[in-house]
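The block underneath contains the structure these notes are about, expressed in structure tokens.
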Amino acid sequence: MSVLVYTESEQGKFKKTAFEAASYAKAVADQMGTTVTAVTINTVDVSELGTYGVDKVLNISNGDLDKFNANSYASAIEQAAKQEDAKVVVISSSADSKYIAPILAIGLEAGYASNVVEAPSSIAPFTVKRTAFTNKAFNMTTIDTDTKIIGVSKNAFGLVESSGNASSEDFSPSIPNSGVTVQSVDRATDKVTIADAEIVVSGGRGLKGPENWGMIEELAEVLGAATACSKPVSDLGWRPHSEHVGQTGKPVASNLYIAIGISGAIQHLAGINSSKVKVVINTDPEAPFFKAADYGIVGDAFEVVPTLIEKLKAFKAQNA
Amino acid sequence: MKILVCISHVPDTTSKINFTENDTKFDTNGVQFVINPNDEFGLTRAMWFKEKQNANVTVVNVGGPETEPTLRKALAIGADAAIRVNTEAKDGFQVAKELANVVNDGGYDLVIAGRESIDYNGGMVPGMLAALINANFVTNCINLEVDGTNATAIREIDGGKETVSTSLPLVIGGQKGLVEESDLRIPNMRGIMMARKKPLTVLESTNTIIETTSVKFEKPAPKGAVTLVDADNIDQLISLLHNEAKVI
Ligand SMILES: Cc1cc2nc3c(=O)[nH]c(=O)nc-3n(C[C@H](O)[C@H](O)[C@H](O)COP(=O)(O)OP(=O)(O)OC[C@H]3O[C@@H](n4cnc5c(N)ncnc54)[C@H](O)[C@@H]3O)c2cc1C
Ligand SMILES: Nc1ncnc2c1ncn2[C@@H]1O[C@H](COP(=O)(O)O)[C@@H](O)[C@H]1O
């Protein structure tokens, strides 16, 4: 009857989203008066999970699962849920988890609510708050099936530590053949991704051209941030599509979002609204972004950003 | 090859989002509806398969009569036929069930849906559909080639991309990259005239199971005013971000 959480890892190490999902699962388990079981795939050290409220870990080690595969992973999680007789399954909202969840929902005949931002407001009926209309609104939704799947939004519930130890046992699900085979992976491992970043530095058309992105990259490097851009910037080919954020691009839910030379169109804001703190740097005091931001500088990016880089370097050196 | 393109009918991206009936219903007053942007990329890729590989393209929506102008627009862009499953779309599972019936009855080889809709944002219909009809599934799809019954797709992953090989029947969740923004087509007069003569079949709903229920909507709390920092005083910005916001 325990709450099951899928705690994802990358190259053997847990992702931060795994701890957030575990923290959420713990909150649900407390409400339901039960325990938390985590299922994890090819993770080297699972002991950290105890810190986030997990009581038991089902540890899968299987070379066939080294490469991510949505069907195989969904099947493994489904078998774990059935073994534990879990009525609630919690999963993150990473790209991989969002790929798995709908397949898992059919396998478990479970209702699935994605983009959930708060612990359930009630257990019977099982009611959660999720974002809708690309962050322009929230939707209170009940999940009416016996088994329920919750996809938690990134950086909304947060990490909640609790004191505890997680016991660990090996789990060996049978892995079905999948009709989708990975041929090659092309990924920059040295760069912070928008999905995982605590800080995102984003540039818009106000930067005039791709040759001016050096300072954006430098600012991002000083802050350990990911780089992003507005839609026209990627449409013009100044930056890759993978950096396009907004309603029709990637969502951003970082702690800090710095928008440089971005006007703040409604479609842009929709995608970055779940970032906690927003800073805008723009020459035009009437730019709509100033209504959405927490901090703003009315000024020329070509003057403000280089100064900001210098001062941040000094600040980092002092606070290191 | 028979292609089915799933079309979600959504408020234009510029729409202000409001609610009525005690915040239980989306207020459609003054709202323009469009083809979901991710579906428009998919439809445009389907047109490529039609022109290059002689594919037959049907578009489908699960929704009430109000969605027909959106389906007609897809026909004007070049789809051969349209299907509307006549029922209010209430949750992802219900829509996936209806679509599964359409796919099974129509014998489609390839289903192109969007990664997510911009209204419900479930990101769930294509995956559920694939699982229901036992088809292969690739989401966040930014490129797709089909050769006989073999397919090669590129999927965007965090920080990069992944090339996968798979086979038909296949469901994809598409997004920008599947085609470029500049490939998108605006229906011309001829397309609009022809669309009037193309078949738009209305099917009755067969599924009544709903797994989740929308209870109420809420708007985000209004934002406080911005704190402006002088361009000559960057130190103050750093201090605010460090001491007040605690994000650096
Ligand atoms: C269907 C649809 C979907 C869309 N989806 C998205 C989306 O997902 N994401 C997205 O971003 N957009 C999206 N858009 C586009 C959106 O409407 C805006 O056009 C876009 O966000 C504007 O980009 P921008 O702010 O970079 O450029 P602009 O609007 O041109 O703004 C440039 C800004 O830079 C400022 N500036 C100029 N020079 C300087 C300087 N030297 N220093 C500092 N500031 C300077 C200007 O004052 C201005 O505010 C979408 C549009 C449509 C129709
Ligand atoms: N009512 C609907 N009718 C047809 N297709 C839909 C409908 N709702 C969602 N879809 C498809 O499923 C995709 C993902 O939608 P969602 O699961 O709501 O995020 C959309 O981009 C569409 O391709």
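A few comments on the model shown:
- Just one of the listed residues (B:191, B:107) is on the phi > 0 side of the Ramachandran plot and away from ligand 1 (no atom under 16 Å from the Cβ), namely B:107.
- Checked against (1) in contact (Cβ under 8 Å) with a residue 12 or more places away in the chain; (2) touching a helix residue (DSSP H, G or I) at 6+ places or on another chain (Cβ under 8 Å); (3) surrounded by 14 or more Cβ atoms within 10 Å (Cβ to Cβ), residue B:213 passes all but condition (2).
- Residues considered: A:93, A:97, A:72. Of these, the only one that is hydroxyl-bearing (Ser, Thr, Tyr), under 20 Å from residue A:14 (Cβ atoms) and not in a helix (DSSP H, G or I) is A:93.
- Pick from region A:48-69, criterion assigned to a helix (DSSP H, G or I) and of a type in the set (Ser, Thr, Tyr), ranking: farthest from the chain's Cα centre (by Cα): A:51
- On the stretch given as region A:73-98, residues that are polar (S, T, N, Q) and in contact with an Asp or Glu (Cβ under 8 Å, 6 or more places away or on another chain) total 3.
- Failed condition for residue B:163, given (1) in contact with a helix residue (DSSP H, G or I) (Cβ under 8 Å, 6 or more places away or on another chain); (2) β-branched (Val, Ile, Thr); (3) at the interface with chain A (Cβ under 7 Å from one of its Cβ atoms): (1)
For (1) facing chain B (nearest Cβ under 10 Å); (2) within 16 Å of ligand 2 (Cβ to nearest atom); (3) among the polar types (S, T, N, Q); (4) in a loop (DSSP other than H, G, I, E, B), each residue gets a yes or a no:
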site: A:185; (1), (2), (3), (4): yes, no, no, no
site: A:192; (1), (2), (3), (4): yes, no, no, yes
site: A:195; (1), (2), (3), (4): yes, no, no, yes
site: A:206; (1), (2), (3), (4): no, no, no, no
site: A:219; (1), (2), (3), (4): no, no, no, no
site: A:228; (1), (2), (3), (4): no, no, no, no
site: A:239; (1), (2), (3), (4): no, no, no, yes
site: A:242; (1), (2), (3), (4): yes, no, yes, no
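- Test: residue in region A:305-319 that is free of Cβ contacts under 8 Å to residues at least 60 places away in the same chain, touching a helix residue (DSSP H, G or I) at 6+ places or on another chain (Cβ under 6 Å) and of a type in the set (Phe, Trp, Tyr): yes
- Single match in A:284, A:235 (criterion: among the acidic types (Asp, Glu), closer than 16 Å to residue B:37 by Cα and either facing another protein chain (nearest Cβ under 8 Å) or away from ligand 2 (no atom under 16 Å from the Cβ) (or both)): A:235
- Criterion (within 16 Å of ligand 1 (Cβ to nearest atom) and closer than 25 Å to residue A:110 by Cα) met by exactly one of B:98, B:116: B:116
- Residues in region B:151-188 that are touching a residue at least 40 places away in the same chain (Cβ under 8 Å), within 16 Å of ligand 1 (Cβ to nearest atom) and touching a Ser or Thr at 6+ places or on another chain (Cβ under 8 Å): B:176, B:178, B:179, B:183, B:184, B:185.
- Here B:34, B:10, B:5, B:59 are screened, and the one residue that is within 25 Å of residue A:268 (Cα to Cα), more than 10 Å from chain A (Cβ to nearest Cβ) and part of a strand (DSSP E or B) is B:34.
- Restricted to region A:244-256, and to residues there that are away from ligand 2 (no atom under 16 Å from the Cβ) and part of a loop (DSSP other than H, G, I, E, B), the residue that is surrounded by the most Cβ atoms within 10 Å (Cβ to Cβ) is A:254.
- Region B:221-240 - residue that is more than 7 Å from chain A (Cβ to nearest Cβ) and within 40 Å of the chain's Cα centre (by Cα) and, of those, modelled with the highest pLDDT: B:225
- Residues (out of contact with any strand residue (DSSP E or B) (no Cβ under 8 Å at 6 or more places or on another chain) and small (Gly, Ala, Ser)) located in region A:52-76: A:63, A:72, A:74, A:75
- Within this structure, residue B:158 fails the test of being under 20 Å from residue B:10 (Cα atoms), of a type in the set (D, E, K, R) and facing another protein chain (nearest Cβ under 8 Å).
- Unmet criterion (only one of (1) at the interface with chain B (Cβ under 8 Å from one of its Cβ atoms); (2) closer than 17 Å to residue A:200 by Cβ; (3) over 28 Å from the mean Cα position of the chain (by Cα)) for residue A:296: (3)
- In this structure, residue B:188 does not qualify as farther than 30 Å from residue A:282 by Cβ, surrounded by 12 or more Cβ atoms within 10 Å (Cβ to Cβ) and of a type in the set (S, T, N, Q).
The values are calculated or read from the model by the stated rules, or taken from the named source; none is laboratory data. These numbers were taken from a predicted model, which means no experiment stands behind them. All Cβ positions, glycine included, derive from the backbone under ideal geometry; neighbour counts span all protein chains shown.
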